[in-house]
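What follows is a set of notes on a single structure, which appears directly below.
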Amino acid sequence: MDNKFQLTREQNVFVAKRNIVDYIWKSANLEGIGVTYPETQTIYDGGVVNGLTVDNIIAINNLKYAWEFILENEDIDYDYKSLCHLHKLTCDKLVLEQNLGKLRTAPVNIGGTSWKPQFPIESQIKEELEQLLKQNDKSKTEIAIEIMLWIMRRQMFIDGNKRVGMLFANKIMIDNGCGIITISQENQKIFFEKLIKFYETGDNTDLKKWIYNTSIDGINLN
């Protein structure tokens, strides 16, 4: 699974900034936040949107701040601390303060399946993340996708795991000039079907390949 794009970080940041509202809109919809693209653009620009819940508006602004963190901080490590910080940014004012950036201590249910994730243990999370990052035989793109799916299935936070997973993966993608992972509107139903199967089996092969083939955005400069 080779890198689909070979960009400099500067070029990759340019691509991300050019399409940032689109990425935020798709990511929000992926988490069931029902906003349109024009509404997302208005919120991103600091405007007022009538008819949306306060939580929806907060969620969009949080994604904006999380993306800014990714794009403006090249030297941040891909570690447990950064993972927790991204959760704080994406879920600020949406979950209880004591749950922000902290591993969940309550069980969670996954819509569409009876499968339940195990409780997260900090030492295990750190070790698993380190092992995923040390796969020198794989491209950065493949590693980023695997880490994204690991975060989603691990369900280590009380909420926002898909947002955090995609943001963390895109930090790896952008820093290494590999493009951006984004799930298009028309592909979200298929994504959820494959995600449920991945949750239940723990086998990421099919979903990883599908994301690689359908859900990486970038530009070819050659």
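The values are calculated or read from the model by the stated rules, or taken from the named source; none is laboratory data. Note that the structure is predicted; figures quoted are calculated from it, not measured. All Cβ positions, even for glycine, are placed from backbone atoms using ideal geometry, and neighbour counts span all protein chains on display.
Check ASN204 against each of (1) touching a Leu at 6+ places or on another chain (Cβ under 6 Å); (2) without any contact (Cβ under 8 Å) to a residue 60 or more places away in the chain; (3) under 20 Å from VAL15 (Cβ atoms); (4) of a type outside the set (A, V, I, L, M) and name the one condition it does not meet.
With (1) touching a Leu at 6+ places or on another chain (Cβ under 6 Å); (2) without any contact (Cβ under 8 Å) to a residue 60 or more places away in the chain; (3) under 20 Å from VAL15 (Cβ atoms); (4) of a type outside the set (A, V, I, L, M) applied to ASN204, the lone miss is (3).
Only one of these is hydroxyl-bearing (Ser, Thr, Tyr), under 22 Å from ARG18 (Cβ atoms) and in contact (Cβ under 8 Å) with a residue 24 or more places away in the chain: THR182, THR113. Name it.
Values: THR113 fails: under 22 Å from ARG18 (Cβ atoms).
Criteria check complete, one pass: THR182.
What number of residues in the stretch 118-155 are touching a residue at least 60 places away in the same chain (Cβ under 8 Å) and part of a loop (DSSP other than H, G, I, E, B)?
Looking only at that region, the number is 2.
Keeping to the stretch 54-98, report how many residues are closer than 21 Å to ILE20 by Cα, among the basic types (Lys, Arg) and touching a residue at least 24 places away in the same chain (Cβ under 8 Å).
Summing the residues that are closer than 21 Å to ILE20 by Cα, among the basic types (Lys, Arg) and touching a residue at least 24 places away in the same chain (Cβ under 8 Å) in the stretch 54-98 gives 1.
Within the stretch 80-124, take every residue that is of a type in the set (D, E, K, R) and at negative phi and give me the one that is surrounded by the fewest Cβ atoms within 10 Å (Cβ to Cβ). Steps first, please.
Kept after step one, since they are of a type in the set (D, E, K, R), are these residues of the stretch 80-124: 81, 88, 92-93, 97, 102, 104, 116, 122.
Retained after the next criterion (residues that are at negative phi): 81, 88, 92, 97, 102, 104, 116, 122.
On the way: LYS81: 12, LYS88: 21, ASP92: 17, GLU97: 10, LYS102: 18, ARG104: 17, LYS116: 12, GLU122: 12.
Within the stretch 80-124, the match that is surrounded by the fewest Cβ atoms within 10 Å (Cβ to Cβ) is GLU97.
Here is a list: ILE43, ILE60, ILE76. Which entry is surrounded by 12 or more Cβ atoms within 10 Å (Cβ to Cβ) and out of contact with any Lys or Arg (no Cβ under 9 Å at 6 or more places or on another chain)? First the steps, then the outcome.
Working: ILE43 fails: out of contact with any Lys or Arg (no Cβ under 9 Å at 6 or more places or on another chain); ILE76 fails: out of contact with any Lys or Arg (no Cβ under 9 Å at 6 or more places or on another chain).
The match here is ILE60.
Among the residues of the stretch 29-43, write down those that are of a type in the set (S, T, N, Q) and closer than 19 Å to ASP159 by Cα.
Looking only at the stretch 29-43, we keep the residues that are of a type in the set (S, T, N, Q), and these are 29, 36, 40-42.
Within the stretch 29-43, just ASN29 meets the criteria.
Counting only residues that are in contact with a His (Cβ under 8 Å, 6 or more places away or on another chain) and modelled with pLDDT of 95 or more, give me the helices (runs of 4 or more DSSP H) lying completely in the stretch 161-218 with at least 1 of them. If you could, list the steps in order and put the result at the bottom.
Working: elements: 161-175, 188-201, 205-214.
Filter on the stretch 161-218 gives 161-175.
With PHE192, PHE198 as the choices, which residue is among the aromatic types (Phe, Trp, Tyr) and in contact with a Leu (Cβ under 6 Å, 6 or more places away or on another chain)?
Numbers: PHE192 fails: in contact with a Leu (Cβ under 6 Å, 6 or more places away or on another chain).
None of the others qualify; the one that does is PHE198.
Residue pairs, Cβ under 7 Å, 6 or more apart or interchain, first in the stretch 24-53 and assigned to a helix (DSSP H, G or I), second buried (at least 20 other Cβ atoms within 10 Å of the Cβ) and charged (D, E, K, R). List them.
Pairs found: SER27/ARG163; LEU30/LYS162.
Results for (1) charged (D, E, K, R); (2) farther than 20 Å from ILE33 by Cα, shown as yes or no for each residue.
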residue: LEU86; (1), (2): no, no
residue: CYS91; (1), (2): no, no
residue: GLU130; (1), (2): yes, yes
residue: LYS138; (1), (2): yes, yes
residue: ILE143; (1), (2): no, yes
residue: GLN155; (1), (2): no, no
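If a residue must be among the basic types (Lys, Arg), in a helix (DSSP H, G or I) and either modelled with pLDDT under 95 or more than 18 Å from the chain's Cα centre (by Cα) (or both), how many such residues does the stretch 1-17 contain?
Within the stretch 1-17, residues that are among the basic types (Lys, Arg), in a helix (DSSP H, G or I) and either modelled with pLDDT under 95 or more than 18 Å from the chain's Cα centre (by Cα) (or both) number 1.
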